[in-house]
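In what follows, a structure is listed as structure tokens, so that the remarks can point back to it.
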Amino acid sequence: MNNTSLFMLVACCLAIWPAVVSAAPRPRPASECRNPPQRLEWRQMSEPEQNSYIDAVLCLTMTESISGIARAINRFDDHQAVHSLQTPNIHWVGHFILWHRYLVATYEKALREECGYKGGQPYWDWSLDARPDDPTSMASFPVDVLGPGKYSFGGNGDPVVPTPVQNPLNLTGGTGGGCVRDGAFTPDRFVVNYGPDPGCLKRDFVPWIFNSFADPKLVQELLDQPDYTSFARTIEKVPTFDTPNIHGSGHFGVGGVLGTMGNAENSPGDPLFYLHHGNLDRILWTWQQQDLETRLNQVGGPVLPMDYGGQNVTLDFTVGLGELAGDATLKQLLDTQSGVLCYTY
Ligand SMILES: *[C@@H]1O[C@H](CO)[C@@H](O)[C@H](O)[C@H]1NC(C)=O
Ligand SMILES: *[C@@H]1O[C@H](CO)[C@@H](O)[C@H](O)[C@H]1NC(C)=O
Ligand SMILES: [Cu+2]
């Protein structure tokens, strides 16, 4: 018997045998998750890994848009634009954290499949940096994430004082507000194309927000939540600066009044958004690991923003990212290795 016929024999019998012992052979899932990339904290990555990530983000900005959304020019803009258009339906709802999980994973997939990036989407664990006991400290903004080098995310923006019209929420304590002049995303290399204010990447560090909202005690409070519904509500809390919430740490601690990260619709215009939401996603993942059987099968929280007491999302509730990825159920998005998603921490 030559090698070919031996192969045919093995292949034939492997194919038939399960059908004989089991009345209903299970079809292989359309897409499998083999070798999921592992996501690391930015500072756990080696310098070459960090450099390859930054290069891949810049590559996305040089790859043509597929979203079909007007004013989205490149693949980086696509993800920002999809977020921007869906903003009214994806915050203070039960699917907030899973929708954002899908966006970050879709961005990670684009980096890997279209720009040759080999690793997992990094995250920034800001709770390592916050100084809750020293709220006005600027020293908590970590130079090893928000550093000035060509392979770091850059620091604060130029100082600009917002007008009252630009600051309807009356947020105080901003220290920047203008263009970021160092790091990988300077105006000569990177442009925010989408949104009402195209131009340079902007940051506006607000130390008191960052130091109080990124408090490790708030992360622990979230990890202690008994079910998905309370988890989902605790991660966003309420839209006010009076009550610290960890989701606001990256947005308003880094973005403040005038910075890109502080803009509800267009915060994904700052590449740091994906490290911030990567960390929120890691916290969800960590919470799920405490009781996987239950927490791969449980969702809740309102379909409509802030509609607590109204209709709640269910496992078959479907979310979409337009042309960027197929629709997915919340059940599929609960599992980071479902095949729809494929990564781990
Ligand atoms: C911000 O301050 C203005 C002027 O004092 C006030 O009219 C407005 O209601 C304040 N907005 C908020 C959200 O507190
Ligand atoms: C949605 O969930 C909340 C919290 O568990 C609950 O109070 C509310 O009654 C639910 N809504 C419906 C329509 O069942
Ligand atoms: Cu968002």
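The set of residues in segment 66-77 being surrounded by 19 or more Cβ atoms within 10 Å (Cβ to Cβ) and either free of Cβ contacts under 8 Å to residues at least 40 places away in the same chain or part of a helix (DSSP H, G or I) (or both) consists of R75, F76, D77.
Of all residues in segment 78-107, those that are over 14 Å from D307 (Cβ atoms) have Cβ atoms under 7 Å from Cβ atoms of residues that are within 16 Å of ligand 2 (Cβ to nearest atom), 6 or more apart or on another chain, in I97/A232; I97/I235; L98/L330.
Residue-wise test of (1) more than 16 Å from ligand 2 (Cβ to nearest atom); (2) at negative phi; (3) free of Cβ contacts under 8 Å to residues at least 60 places away in the same chain.
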{"position": "R112", "(1), (2), (3)": "yes, yes, no"}
{"position": "G116", "(1), (2), (3)": "yes, no, no"}
{"position": "Q121", "(1), (2), (3)": "yes, yes, no"}
{"position": "W126", "(1), (2), (3)": "yes, yes, no"}
{"position": "T136", "(1), (2), (3)": "yes, yes, no"}
{"position": "G147", "(1), (2), (3)": "yes, yes, yes"}
{"position": "N170", "(1), (2), (3)": "yes, no, yes"}
{"position": "G174", "(1), (2), (3)": "yes, yes, no"}
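Looking for something assigned to a loop (DSSP other than H, G, I, E, B), within 16 Å of ligand 1 (Cβ to nearest atom) and buried (at least 23 other Cβ atoms within 10 Å of the Cβ) - is there at least one such residue anywhere in segment 233-256? Checked against the condition, which is being assigned to a loop (DSSP other than H, G, I, E, B), within 16 Å of ligand 1 (Cβ to nearest atom) and buried (at least 23 other Cβ atoms within 10 Å of the Cβ), segment 233-256 yields at least one hit.
None of G255, G278, G259, G248 is within 16 Å of ligand 3 (Cβ to nearest atom), without any contact (Cβ under 8 Å) to a residue 40 or more places away in the chain and of a type in the set (G, A, S) except G248.
Tallying residues that are under 26 Å from D215 (Cβ atoms) and either of a type in the set (F, W, Y) or not in a loop (DSSP other than H, G, I, E, B) (or both) within segment 109-129 yields 5. A single member of P187, P132, P196, P162 is modelled with pLDDT under 95 and outside any strand (DSSP E or B), and it is P196.
Being touching a strand residue (DSSP E or B) at 6+ places or on another chain (Cβ under 9 Å), farther than 24 Å from F241 by Cα and among the aliphatic types (A, V, I, L, M) holds for only one residue in V160, V191, and it is V191. Can you say whether Q225 is surrounded by fewer than 19 Cβ atoms within 10 Å (Cβ to Cβ) and out of contact with any Ser or Thr (no Cβ under 7 Å at 6 or more places or on another chain), as far as the supplied structure shows? No. Is it the case that L98 is more than 16 Å from ligand 3 (Cβ to nearest atom), crowded, with 23+ Cβ neighbours inside 10 Å and within 30 Å of L315 (Cα to Cα)? In short, no.
The values are calculated or read from the model by the stated rules, or taken from the named source; none is laboratory data. None of these values were measured; they are calculated from a predicted model. Cβ sites come from the backbone with ideal geometry, for glycine too, and all protein chains shown count toward neighbours.
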